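Enquirer: Submitted below is the structure of interest, expressed as structure tokens.
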Amino acid sequence: MQPSRLQHEAQFADNAYMPYADDLDISAVWFRKYSHPVHMWDLREFSAQWLGQLEGKQLLDYGCGMGEEAIYFAKLGAQVTAIDVSPLGIDLVSRRALHNGLGERVRAFQMDARATTFETETFDLVHGLGILHHIGLEEGLREVKRLLKPGGRAVFLEHMMNSKLLETLKTTLFRGDNDHTDHERPLRWNECVKYASQFDQFHLTAYYVLGRLRRHIRLLDNDMTRRIDHAILKAVPSCRHFAGSVVICLQK
């Protein structure tokens with residue numbers, strides 16, 4: 001019997017997380033992006049500013065991966081619920097929380113993000129890093145809207161591909177790139193607008209024009225490139241057509 005889509009995604013994630021299964025420390029540099037967000041050219045700092053103060057908030061880390069962000073949010077005072085399809089990811093989150101003295105602030109569950117078992121209007125905040133392009137934008141945002149309390153906020157940092165030309169070039173030049181599953185699909189700007197508009201407030205911010213090549217050209221993986229990209233996208237918003245990432249900010 002062929003594995004289901006959910007099983008395939010879980011196995012793919014487990015394989016990706018396995019090399020880091022015993023690395024439970026967190027990065028002071030990355031934590032500062034969430035604790036002191038000042039650089040809006042950095043998409044993590046931008047997302048942290050949108051979430052606002054976390055003390056006492058019920059926060060859902062929606063597709064938590066290995067749990068680094070869940071720990072940052074817990075350190076900042078949130079009561080964090082973390083979900084992921086990967087059993088190894090959930091084990092890592094739980095052990096990482098205990099390792100960092102935050103076991104009482106973090107609970108983790110293996111769960112299908114498209115159909116969670118939580119009650120309606122449970123969370124003040126929802127955070128997702130690279131999850132919607134795995135589970136489907138429409139299904140994911142429908143579930144997030146159900147889970148948010150009135151006035152609650154959500155933020156998603158997502159992979160985006162609008163240009164068919166760039167998509168063709170990527171397929172041709174990086175044919176051996178196997179860092180994705182068969183089920184995931186990069187988001188498109190217009191569909192983000194379509195499904196985000198069901199919320200009372202939303203705004204989208206594009207990131208990475210030159211920087212979208214940072215995985216293949218390491219010289220582009222630096223803050224200077226991110227600053228240049230931010231300046232380009234601010235001066236010429238239409239360049240978002242070639243951007244590689246989008247931050248989706250929502251309020252119910």
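Enquirer: Carbon-plus-sulfur fraction of the accessible area of the chain, 1.4 Å probe, in percent? Spell out each step's value before the answer.
Expert: Details: 6840 of 12890 Å².
So the carbon and sulfur contribution to the accessible surface is 53 percent.
Enquirer: Give the shape of the chain as rounded, prolate or oblate, defined through the alpha-carbon gyration tensor: a ≥ b ≥ c are the square roots of its eigenvalues, a/c under 1.5 means rounded, and otherwise the shape is prolate if a/b is larger than b/c and oblate if not.
Expert: rounded
Enquirer: Can you tell me, using C-alpha contacts under 8 Å and at least 6 residues apart, the relative contact order of the chain as a whole percent? Mind dumping the intermediate values first?
Expert: Values: 448 pairs, mean separation 45.9, N = 252.
So the answer I get is 18 percent.
Enquirer: Continuing with the same structure: Show that you can apply the helix-only estimate: for the chain, add -39,500 (n - 2.57) for every DSSP H stretch of four or more residues, divide by all residues, and state [θ] at 222 nm to the nearest 500.
Expert: Working: 10 runs with 97 residues, N = 252.
Rounded to the nearest 500, the figure is -11000 deg cm²/dmol.
Enquirer: Would you mind telling me which residue in Ile232, Ile131, Ile83 has the biggest mean-square fluctuation in a Gaussian network model of the chain, where springs connect alpha carbons within a distance under 10 angstrom?
Expert: Result for the chain, Cα springs under 10 Å: Ile232 fluctuates most.
Enquirer: For the range 1-144, what relative contact order do you get, as a whole percent, if you take Cα pairs closer than 8 Å and at least 6 residues apart?
Expert: 24 percent
Enquirer: What net charge is computed for the residues neighbouring Gly103, neighbours being all others with C-beta under 12 Å from the C-beta of Gly103, Lys and Arg scored +1, Asp and Glu -1?
Expert: Summing Lys and Arg as +1 and Asp and Glu as -1 gives +3.
Enquirer: Go through the range 1-78 and name the GluC sites (Glu not before Pro) that are in a DSSP coil and have 13 or fewer other Cβ atoms within 10 Å of their Cβ.
Expert: Glu55
Enquirer: Identify which of Gly89, Gly63, Gly140 has the largest mean-square fluctuation in a Gaussian network model of the chain, with springs joining Cα atoms closer than 10 Å.
Expert: Gly140
Enquirer: Can I ask one more? Please check: in the Gaussian network model of the chain (C-alpha springs, under 10 Å), which one of Ala108, Ala70, Ala235 has the largest mean-square fluctuation.
Expert: The residue with the greatest mean-square fluctuation here is Ala235.
Enquirer: In addition: Check which residues have an amide H placed less than 5 Å from Ala108's amide H, if you skip close sequence neighbours.
Expert: Ala82
The values are calculated or read from the model by the stated rules, or taken from the named source; none is laboratory data. Small disclaimer: the values here were computed from a predicted structure and weren't measured. Please note: Cβ atoms are built from the backbone with ideal geometry, for glycine as well, and neighbour counts cover all protein chains shown. SASA here: full protein model, heavy atoms, side chains in, ligands and nucleic acids out. Shrake-Rupley method; radii C 1.70, N 1.55, O 1.52, S 1.80 Å.
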